[in-house]
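One structure is given here, and the rest of the page talks about it.
A short reminder: the numbers here are calculations on the coordinates, not readings from a lab. Nothing here was measured: the structure is a model prediction, and the numbers come from that model. Glycine gets a Cβ as well: all are built from the backbone with ideal geometry, and neighbour counts include every protein chain shown.
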Amino acid sequence: MPGAKTITFSLPRDMVKEVEQLAKEEHRTVSELLRETFRQYKARRNFAEIRNTLSDLCQKSYCDAHPNACHSTRSPIGFGCIGCSGRDGEL
């Protein structure tokens, strides 16, 4: 692969066997499998960041739209206000 750099890291022996077996089953090299794993990890991490940002915006929007309910109405199980999902207004 042009422009690629070789890196070295360690894995437990049993995990190495699993990685090699999975690569074999998928007809990929170990490098291809690990590159794909890293791409998927980054995508999930980016999705989680977007989800958290949207959740914060939705909670703030609820608090802004329902000022009498937010920060004063406790949830039935006692975990903070309903609009802030238990964060007691920490937006």
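If the cut-off is a Cα-Cα distance under 14 Å, which aspartates and glutamates reach K5, setting aside same-chain residues fewer than 8 apart in sequence?
Output for K5: E32.
Find, among the chymotrypsin sites (Phe, Trp or Tyr not before Pro) in the range 1-55, those assigned to loop by DSSP (not H, G, I, E, B) with at most 10 other beta-carbon atoms within 10 angstrom.
Filter output for the range 1-55: F9.
Arranged by the count of other C-beta atoms within 10 angstrom, fewest first, what order do M1, M15 take?
Ordered by Cβ neighbours within 10 Å, fewest first: M1, M15.
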